Each structure stands twice: as C-alpha cells, then as structure tokens.
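The structure appears below as structure tokens.
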Amino acid sequence: MEFDRDLDVKGLNCPLPILRTKKTLAEMESGKVLRVLATDPGSLKDFPAFAKQTGNELLAQKEENRVFEYYLKRK
C-alpha cells in the first residue's frame with residue numbers, strides 16, 4: 001500500500017504509539033496516508049479505537065514478525 005509519511009514507534013508502549021501517531025497526523029494534510037510500525041501488542045485494540053474516535057480512517061493493519069503495521073488516512 002502506498003503512503004505519504006512513515007512513523008516508527010517500535011519499542012514504545014501504550015500510550016506513546018497513539019500519542020505520536022496523533023501528533024504526526026495533525027501535521028499532515030487531509031487525505032494523506034500515514035504508515036505506522038509498532039511492536040506493542042496493545043496497539044491491535046488501540047489503533048482501531050483511535051481511528052473511530054478521531055474520524056481518521058484505518059485503511060489496513062497487518063502483523064509480520066511481531067511488528068504491527070497500520071495505515072491511517074488523515075480525515
């Protein structure tokens with residue numbers, strides 16, 4: 001999937017991945033896509049909830065080798 005900006009929050013635990021994601025999305029233009037790489041297993045619940053609460057769209061999520069990858073589209 002194509003994305004406009006990359007954010008690596010591997011090694012950080014809740015709530016830091018969401019806080020950094022929120023800050024990065026705020027700096028982006030509407031319609032742009034952010035890819036987030038995280039290792040916190042709690043992010044599996046956090047990112048869908050964050051997207052729902054903020055109105056940003058969670059386009060995709062996947063896991064490979066215990067790294068979680070999220071694609072969020074800025075509202």
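We did not get these values from a lab; they are worked out from the coordinates using the rules stated. In this text, all values refer to a predicted model and were calculated from it rather than measured experimentally. Using ideal geometry, Cβ is built from the backbone for each residue, glycine included, and neighbour counts are taken over all protein chains shown.
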Student exercise, the chain dipole from Lys, Arg, Asp, Glu Cβ charges, in Debye to nearest 20
240
Cα-based Lys pair tally, segment 30-75, threshold under 13 Å, eight or more apart or on separate chains
5
Helix 43-54 axis, angle to the chain major axis (alpha carbon atoms, nearest 10°):
20
Once normalised by the length of the chain, the mean sequence separation of its alpha carbon contacts under 8 Å that are 6 or more apart gives a contact order in percent of 35
On a 0 to 90° scale, report how tilted helix 16-26 is relative to the longest principal axis of the chain, with both axes built from alpha carbons and the result rounded to the nearest 10.
10
Could you work out the Kirkwood radius for the chain, taking every pair of different alpha carbons, averaging 1/r and inverting it, reported in Å?
11.9
Out of Leu16, Val67, Val33 - ranked by how far each Cα lies towards the positive end of the dipole of the chain, with unit charges on the beta-carbon of charged residues - the top one is Leu16
